[in-house]
């Protein structure tokens, strides 16, 4: 659906100034391949490098990791009575006196070593690395001339994105940035509240303080409203903490507070500067479709600019990738669909991506203390399943507030690396077969809803589950565990009447020298395991040629 169609549907619900600004801007799009419309972006083709990559590592790391109390901390700390609010009051003080701006000031990232971390990530076989450029907390983690609240002026006083980019490119990894700040307008609305009870009842939190309030403080001369963006009326039912999810897609019918034109245009300018100065290969938007759509066209303008810049840089070839969530059929042609913490249950016709984390998106010390990280086995099973269905896996590895990787998270990453060093050829550079796999896990596969969140809800993978990938004339059969007997049967490769019995010419086990004996029968391909094979409890891969 294009902009004008949306206007017809919503009528006067969308301010006319957005339409006039969009039409005015369109005058500058006459001589470039992509225009800021869905119909123009439909001409997008996913670049081969991304289809080959299959696996990426994400550092979803920023100032909300400093408290080490989990995701959405900068919102939760303003929700009276919540776990994060109680933790914040005990650790830092009341949010009327010590707000998230002050958490940013505490965040120093003193143990951050992007070079050493990237060495480890490279060993996993990851083909691309994603850095958090900003989150809903609205701090830019790069050198931003359009936004004073950035990591060079505050907190670490470092160019975080620049450090990640240098380390990734040095190791020939593709580089991406994730952009989440479009939602600060509504996400920070909790900062406008005050306690309903207790000794500080009615004392406003710091969400509406201004530059004038900064005299004599550490943030003197800066305007907190550039960070919090709360000089506006609350969204309908804003006191309902769950309402934000219903209003995430900026549907004015939900009563969401509509951002001003300067807010939208500033977000566009910040993001275009990020693209121009750091030349990311991937831009991940934590938005329904594109940022601020459909109440503004700035997301479309960013996408068109990004694609046109890539084509100009690559002699007419678009090498850029945009990740977006909850896409309709048209939008899935315009960018790469991302499913959060979940996966499709079929081979998707277009390349897609799932993003997940071994713990919380932002570091939570309790995950470490309670041994709740995903195991390397769980990650590899998810990777094989996603790749068999034409997808990529983007895996977030949480870093502590100081930028260090804890020992338990490191153990998970090293386990992934060990498996990939032997079996990575069955993942990287592959394509789906005509069937993604077989086995009992698929029979109880959970349904996919909205942006995802169906991981871990189905039956766990076992050695009875197999996933397939292909590369050239090679078929890989990934068995999700160590076989229970010395004979493995792959039902999908059964010999049928009239079939060429020489179709399978050779079978080998990755990590093992020599060929394996096999028989192709009417109930499947029977493979005899080698006697001296070293047991791999995660997954074994047969190479069939």
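Examine region 420-438 for a residue that is touching a strand residue (DSSP E or B) at 6+ places or on another chain (Cβ under 6 Å) and over 24 Å from residue 48 (Cα atoms), and state whether such a residue exists. Yes - at least one qualifying residue is present in region 420-438. The residue that is surrounded by the most Cβ atoms within 10 Å (Cβ to Cβ), among those in region 237-247 that are farther than 16 Å from residue 138 by Cβ and under 26 Å from the mean Cα position of the chain (by Cα), is 247.
For (1) under 19 Å from residue 219 (Cβ atoms); (2) outside any helix (DSSP H, G or I); (3) not assigned by TED's automatic domain parsing to the domain that holds residue 188, each residue gets a yes or a no:
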site: 110; (1), (2), (3): no, yes, no
site: 147; (1), (2), (3): yes, yes, no
site: 158; (1), (2), (3): yes, yes, no
site: 162; (1), (2), (3): no, no, no
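The set of residues in region 279-327 being surrounded by 23 or more Cβ atoms within 10 Å (Cβ to Cβ) and free of Cβ contacts under 8 Å to residues at least 12 places away in the same chain is empty. For region 280-293, the criterion of being modelled with pLDDT of 95 or more and over 20 Å from the mean Cα position of the chain (by Cα) is satisfied by no residue at all. Note on region 392-423: residues that are in contact (Cβ under 8 Å) with a residue 60 or more places away in the chain, surrounded by fewer than 21 Cβ atoms within 10 Å (Cβ to Cβ) and under 17 Å from residue 540 (Cβ atoms) total 3. Being assigned to a loop (DSSP other than H, G, I, E, B), surrounded by 20 or more Cβ atoms within 10 Å (Cβ to Cβ) and at pLDDT below 95 is true of residue 342. Report yes if residue 535 is under 18 Å from residue 381 (Cβ atoms), at pLDDT below 90 and assigned to a loop (DSSP other than H, G, I, E, B), otherwise no. Answer is yes for this residue. For first residues located in region 199-213 and closer than 8 Å to residue 225 by Cα, partners that are at pLDDT below 95 and loosely packed, with under 15 Cβ neighbours inside 10 Å and lie 6+ apart or on another chain with Cβ distances below 9 Å do not occur.
The values are calculated or read from the model by the stated rules, or taken from the named source; none is laboratory data. It should be emphasised that the depicted structure is a prediction, and the values quoted were computed from it without experimental measurement. Backbone-built Cβ (ideal geometry, glycine too); neighbour counts: all protein chains shown.
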